[in-house]
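Structure record follows, encoded as structure tokens.
Please treat every number below as a calculation from the coordinates, not as lab data. Please read these numbers as outputs of a predicted model, since none were measured by experiment. Backbone-built Cβ (ideal geometry, glycine too); neighbour counts: all protein chains shown.
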Amino acid sequence: MTGLARTAAEAPLDSSGCLTEYRPLTSRTILNKVTSNRGLPFSHAINPYRGCEFGCRYCYARYTHEFLELGTEEFERKIYFKQNAAWLLEQELRRLKPGTEIAIGTATDPYQPLEKNSRSPARCSRSLRGRAVSGWES
């Protein structure tokens, strides 16, 4: 197993008694630089989760579970949430220019059922509100 897959495999279970597993994932960064030739209205993205409980069959993000050495069928059953997302965002926002456009949830839905407990995207949104950046939610 590679580094990210090993980290995911060793993550403790943060849910019990339900069909969906939630596991914390240690991350070094929460803010991703977006490179696109499509003229997207943002230059950075925040994706606080890997996997999505909604499990839309057409979703292009399903293949990202392959980076965790998991099958695409596990995309909606094994959800990984990035620990300390708001704190990481606070640190990374200091390096951005004022007015930088940031999207939340470009790979998976940022407001999943887990959100009622983790509040990760909500905390990230509060961090954005306190800065001179623009938040754009998909």
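Provide the three semi-axes, in whole Å and in decreasing order, of the ellipsoid equivalent to segment 11-107 as defined by the square roots of 5 times the Cα gyration tensor eigenvalues. Rounded to whole Å, the semi-axes are 26, 18, 10. The stretch between residue 60 and residue 101 holds 12.5 nm of extra length on full extension. This uses 0.36 nm per residue minus the Cα-Cα distance. Cross-link reach is defined here as a Cα-Cα straight distance under 18 Å, omitting same-chain residues fewer than 8 places apart; for residue 82 the lysines meeting it are 33, 116.
A simple packing score, the average count of other Cβ atoms within 10 Å per residue, orders the peptides 83-89, 37-43 as 83-89, 37-43, with the highest score first.
Only loop residues by DSSP count here, and only those with at most 11 other Cβ atoms within 10 Å; note down the trypsin sites (Lys or Arg not before Pro) in segment 52-111 that meet that. It would help to have the intermediate numbers written out before the result.
Working: sites: 57, 62, 77, 78, 82, 94, 95; in loops: 57, 77, 94, 95.
In loop regions of segment 52-111 (DSSP not H, G, I, E or B), the sparsely surrounded trypsin sites (Lys or Arg not before Pro) are 57, 94, 95.
With a simple spin-label model that places each label point 7 Å from the Cα along the Cα-to-Cβ direction, the separation between residue 33 and residue 111 comes to 3.1 nm.
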